Amino acid sequence: MTAPSLIPSQTDSALTPNVAAAHDKILIVDFGSQVTQLIARRVREEGVYSEIVPFNKAEAAFALMKPKAVILSGGPASVLDADAPSAPMSILTAGVPVLGICYGEQTMARQLGGTVEAGHHREFGRAAIEITDDCALFDGVWEKGGTYDVWMSHGDRVTKLPEGFRAVAKAPGSPISVIADDVRKFYAMQFHPEVVHTPDGAKLIRNFVRKVAGLTGDWTMRAFREEAIEKIRAQVGTGKVICGLSGGVDSAVAAVLIHEAIGDQLTCVFVDHGMLRLNEAATVVDLFRHHYNIPLVHVDAAKQFLGELAGVSDPEHKRKIIGRLFIDVFDAEAKKIAALGGGSADYLAQGTLYPDVIESVSFTGGPSVTIKSHHNVGGLPARMNMKLVEPLRELFKDEVRKLGYELGLPEVFVGRHPFPGPGLAIRCPGEITSEKLDILRNADAVYIDQIRKAGLYDDIWQAFAVLLPVKTVGVMGDGRTYEYVVGLRAVTSTDGMTADFYAFDMKFLGATATRIINEVKGVNRVVYDITSKPPGTIEWE
């Protein structure tokens, strides 16, 4: 579980020196694509550090970051619009390799003297492209004359090449699908190589990173761990740090990393808001107090949270209440710690991740602020007078897991399915009550136990139960019942951006439904959600 961040980061990560300063880097210029994060992930999978910046801040970021290569992302705009975003010309004349993807191809071609036209033949979804010539991107992946599956998403298309470029692939809806300028090391493609729907896409990005840009890959979790520890020590000095601990992957890894850096200068505050999974509070306390011997304050604030959530049904309102109360409770505990002689804390630590940093700011007018509302609700009150320590703010979730293993955290924490900051509140649509939470908590525990016993837990990216806000009439034994319906959700995902339902067999679903109905009082019907999710949240609400 990721605790609701007390405040979004107050600095622009793309314009702030980071622990990757000594490593080779690739800058990703974001034009608003929903899957831009996947580009960064694919680059980091090659051991190369990457950062995403909005197009309107790319010039300053490029000058500060000094990347060895640049990737231009896709986006929803048309390059033919009067106010269409563009790449800084200073990047295109800097002499570094550049890869354009979808909108990135179109703006590169147009800015360098080519022609882009609208209409003709739109392509959205799977398409087949034919390789018409060799190029460095295709080396060892695609052969001239071959036809390969890709994922398209465009209306405009390049119709005339800029000087110095040649076309190396074509598709029915885009005769100029991939372009190459081998002298300047400029390459661009109309399709999206970063998504799993382009089977060889990761290999194409690898060729750009390794063979075109010539980067060897020195971005490892061991290196990150060593550099992050030094950065924490330099930032904190002899100051005291309080960490908002939830016990989930993000905050657990952040806490252990900070403790390794500064020892007992760190105190963790675990706010139990009453919406955790079964026995989760006891597990968290045991791990941090007894296994790691990290100073921990356990705050049972369930009555306060549930009291203020009483009668609230709107999911966004629930998130905001939880975020505000988390700040209030945390602030009160920090003052208690100081009053007991521990001294006022100078720093607040939290498990902010790179997706939180990106999505808490709407780069191009998209919906990202709403999506991550529980991460930036309320702000940090000035009365707290603390500075932020966010050692994971440059990492994606999979990188945090790798760091967790590097730090020696047990599998029970590192390998757990993601759990939302608001906890069970958003898996209980409608008004929240203690009774409904108990039903949901127990049903979820049975469901996860069934998955583990079937050996399926690691095959599933996320699984959880939902208590639907409806009751149905049923017959159990010789009596009629009027009880709740539980929905079950399980998805597969490689990136957390898109998800597809897990195809359980009917025997498993039948046995699981029977167990839940028999063992969880208050449930008389179980349903399974088989919807897929496009980019965006994969939660129920």
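Residues that are open to solvent by 40 Å² or more (accessible area, probe 1.4 Å) and hydroxyl-bearing (Ser, Thr, Tyr) occur at least once in segment 141-152. Taking the conditions (1) surrounded by 15 or more Cβ atoms within 10 Å (Cβ to Cβ); (2) within 21 Å of PRO391 (Cα to Cα); (3) without any contact (Cβ under 8 Å) to a residue 60 or more places away in the chain in turn, ASP264 satisfies each one other than (1).
For segment 156-169, a tally of residues being modelled with pLDDT of 90 or more and either open to solvent by less than 10 Å² (accessible area, probe 1.4 Å) or of a type in the set (Lys, Arg) (or both) returns 5.
Set side by side, the residues VAL196, VAL241, VAL249 differ, and just one is among the β-branched types (Val, Ile, Thr), surrounded by 23 or more Cβ atoms within 10 Å (Cβ to Cβ) and closer than 23 Å to ARG42 by Cα, which is VAL249.
Out of LYS387, LYS303, one residue alone is of a type outside the set (Val, Ile, Thr), open to solvent by 70 Å² or more (accessible area, probe 1.4 Å), modelled with pLDDT of 85 or more and over 30 Å from SER434 (Cβ atoms). It is LYS387.
Filtering segment 480-514 to residues that are open to solvent by less than 70 Å² (accessible area, probe 1.4 Å) and of a type in the set (Gly, Ala, Ser) leaves GLY487, ALA490, SER493, GLY496, ALA499, GLY510, ALA511, ALA513. In segment 401-423, the qualifying residues are those that are of a type outside the set (D, E, K, R) and part of a helix (DSSP H, G or I), and the one that is most open to solvent (accessible area, probe 1.4 Å) is TYR405.
Can you tell me which residue in segment 332-375 is nearest to the chain's Cα centre (by Cα), limited to those that are at pLDDT 75 or above and among the β-branched types (Val, Ile, Thr)? Step by step, filter segment 332-375, then rank; the result is THR352. One residue stands out in segment 9-48 among those that are of a type in the set (Gly, Ala, Ser), within 19 Å of MET221 (Cα to Cα) and at pLDDT 85 or above: the one that is surrounded by the fewest Cβ atoms within 10 Å (Cβ to Cβ), namely GLY47.
Is there a residue being under 30 Å from GLU45 (Cα atoms), touching a residue at least 24 places away in the same chain (Cβ under 8 Å), of a type outside the set (Phe, Trp, Tyr) and surrounded by fewer than 16 Cβ atoms within 10 Å (Cβ to Cβ) anywhere in segment 458-479?
yes
The values are calculated or read from the model by the stated rules, or taken from the named source; none is laboratory data. Keep in mind that what you see is a predicted model, and the values were worked out from it rather than measured. As a convention, Cβ positions derive from the backbone with ideal geometry for all residues, glycine included, and neighbour counts pool all protein chains shown. When the accessible area is computed, the model is the full protein with side chains, heavy atoms only, and any ligands, DNA or RNA have been set aside. Shrake-Rupley method; radii C 1.70, N 1.55, O 1.52, S 1.80 Å.
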